[in-house]
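Reviewing the structure listed below.
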Amino acid sequence: MEHRYQQVDSLLQEANQTLEGSDSPYLDCQLILAFTLGQTREWLIANNDKEVCDKQANEFRNLILRRKRKEPVAYILGHKEFWNSRLAVTKDTLVPRPETELLIETVLNNFDDTPRLVVDLGTGSGAIAIALASERPNWQIVGIDISQDALKVAKDNGNGFPKLSWMQGFWGNALGDNCIDLLVCNPPYIAENDPYLDHLGCEPLTALVSDDNGLADLYLVILEASHLLKPGGHLLLEHGHDQQRQVCSRLEDSSFETTPLADLQGNPRAVLARKEIAA
Ligand SMILES: C[S@@+](CC[C@H](N)C(=O)[O-])C[C@H]1O[C@@H](n2cnc3c(N)ncnc32)[C@H](O)[C@@H]1O
C-alpha cells in the first residue's frame, strides 16, 4: 500500500482554516497536532517541514472536527494545566479555568501552613483541592462534589497527597456545624438563559448553571457556610463578573465581613468572607 505524507506546516494551515472563526484556532491546531504526534508544541515549531503519514494526518483531522463542534481542547487532549499540576479532565468535570487561580492566590496570600480543616465544595476535577494540597501540606483538605463521576476523576488526580480526601454530597450537607476553618467554592453561577452557554455546550450543565439568575447555588453555599464554619472561619467564593454586589450583600446579611476581589483584568470575580465571632 502506498503511504502518503503531508508536512506539519501544511496540515496546520489546513486545520486552521477548518477552525476559522473560533477563539484561538492556530493554537488549538498546534496543541491537537502535538498531541496526535506525541510531541510538544515547541517540537512542532522547530520541525514544521517534517512529514506526517496519512494515518496520523487522518487522526488529527478527526480531532479537529471534534474541536469544530465546540468540544473543549482539554477534553480532546484529556487534560488541562491548573496551578502547578496537569489534571485529567473528562466530560464529567468542568475544565478548570485560569480565572479560578485567583482563589488559590488569595488563599496562599492570607493563610499560612498552620494545620486547618479546609473544604473545596464542588471540587469537579479536584483542581482547587489539589492546588491547595500541593502548597499547604499541613492542611486536612476535603473535596466534595455531587457527581460521583467527577469524584472518580478528582481521586485519580489527587493521588499522592496523604491529607487530601473526597466525599460525595449535596454541598456541605454531610458535614458537622462549626468545624471548618476555610471553605473554598467555585459553584455553578451561570443563568440558564445566558447566551454564553452556547459556547460551553460540552461541559456538564450541573457544573455551570444555577437557578435564580445564576445566584441560587451561591446563596445556598453562603447559607451552609454560616453553619459549617468555625466562628472567625472564612468562605472564599468565585462568582460571575456581574454578581459581586448581590453576593456581598447576602454575605453581609448573614453576618460575614466581606473583602471583594478582582482578577488581573480588574473584573470583580470573587469574595473572601469572614464569619463573625459571636459576642
Ligand atoms: C463550576 S464547577 C467547579 C469545579 C472545580 N471546583 C473548578 O473550579 O474547576 C461546579 C462543581 O460543583 C458541583 N456541584 C453542583 N451542584 C452541587 C451540589 N449541590 N453539591 C455539591 N457539588 C455540586 C458540580 O458537579 C461541579 O463539579
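Kindly indicate which of LEU264, LEU200, LEU215, LEU205 is at pLDDT 95 or above and not charged (D, E, K, R).
Exactly one of LEU264, LEU200, LEU215, LEU205 is at pLDDT 95 or above and not charged (D, E, K, R), namely LEU215.
I'm trying to understand the selection: among the residues of region 80-103, which are free of Cβ contacts under 8 Å to residues at least 40 places away in the same chain, within 12 Å of the ligand (Cβ to nearest atom) and open to solvent by 70 Å² or more (accessible area, probe 1.4 Å)?
Result: PRO98, single match.
Are any of the residues in region 137-147 open to solvent by 20 Å² or more (accessible area, probe 1.4 Å), farther than 21 Å from ALA225 by Cα and more than 10 Å from the ligand (Cβ to nearest atom)?
yes
Hey, can you tell me all the residues within region 148-175 that are within 13 Å of the ligand (Cβ to nearest atom), open to solvent by 20 Å² or more (accessible area, probe 1.4 Å) and not in a strand (DSSP E or B)?
Residues satisfying the conditions are GLN148, ASP149, LYS152, ASN157, PHE170, TRP171, ASN173, ALA174, LEU175.
Could you check how many residues of region 208-238 are touching a strand residue (DSSP E or B) at 6+ places or on another chain (Cβ under 9 Å), within 14 Å of the ligand (Cβ to nearest atom) and of a type in the set (A, V, I, L, M, F, W, C)?
Adding up the residues that qualify gives 9.
For LEU77, work out the one condition from (1) away from the ligand (no atom under 12 Å from the Cβ); (2) in the same structural domain as LEU264 (by TED's automatic domain parsing); (3) open to solvent by less than 60 Å² (accessible area, probe 1.4 Å); (4) farther than 21 Å from LYS230 by Cα it doesn't fulfil.
Unmet for LEU77, out of (1) away from the ligand (no atom under 12 Å from the Cβ); (2) in the same structural domain as LEU264 (by TED's automatic domain parsing); (3) open to solvent by less than 60 Å² (accessible area, probe 1.4 Å); (4) farther than 21 Å from LYS230 by Cα: (2).
What are the residues in region 181-197 that are in a loop (DSSP other than H, G, I, E, B) and more than 12 Å from the ligand (Cβ to nearest atom), if any?
ALA191, GLU192, ASN193, ASP194
Give all pairs with beta carbons closer than 6 Å in which a residue from region 228-244 that is assigned by TED's automatic domain parsing to the domain that holds ASP211 meets a residue that is of a type in the set (Gly, Ala, Ser); count only pairs at least 6 apart in sequence or on separate chains.
Sorted first by the residue in region 228-244, then by its partner, the pairs are LEU228/GLY172; PRO231/ALA278; LEU235/ALA225; LEU235/ALA273; GLU238/ALA270; GLY240/GLY214.
Of (1) surrounded by fewer than 22 Cβ atoms within 10 Å (Cβ to Cβ); (2) within 12 Å of the ligand (Cβ to nearest atom); (3) hydrophobic (A, V, I, L, M, F, W, C); (4) within 29 Å of SER226 (Cβ to Cβ), LEU200 satisfies all except one. Which?
(4)
If you check SER210, SER226, which single one turns out to be among the hydroxyl-bearing types (Ser, Thr, Tyr) and open to solvent by less than 10 Å² (accessible area, probe 1.4 Å)? Write out each step before concluding.
Numbers: SER226 fails: open to solvent by less than 10 Å² (accessible area, probe 1.4 Å).
Result of the check over SER210, SER226: SER210.
The values are calculated or read from the model by the stated rules, or taken from the named source; none is laboratory data. All figures in this text were calculated on a predicted structure; none of them were measured in a lab. Neighbour counts are summed over all protein chains in view; Cβ atoms, including those assigned to glycine, are modelled from backbone coordinates with ideal geometry. Accessible surface is based on the protein model in full, side chains and every heavy atom, while ligands, DNA and RNA are left aside. Shrake-Rupley method; radii C 1.70, N 1.55, O 1.52, S 1.80 Å.
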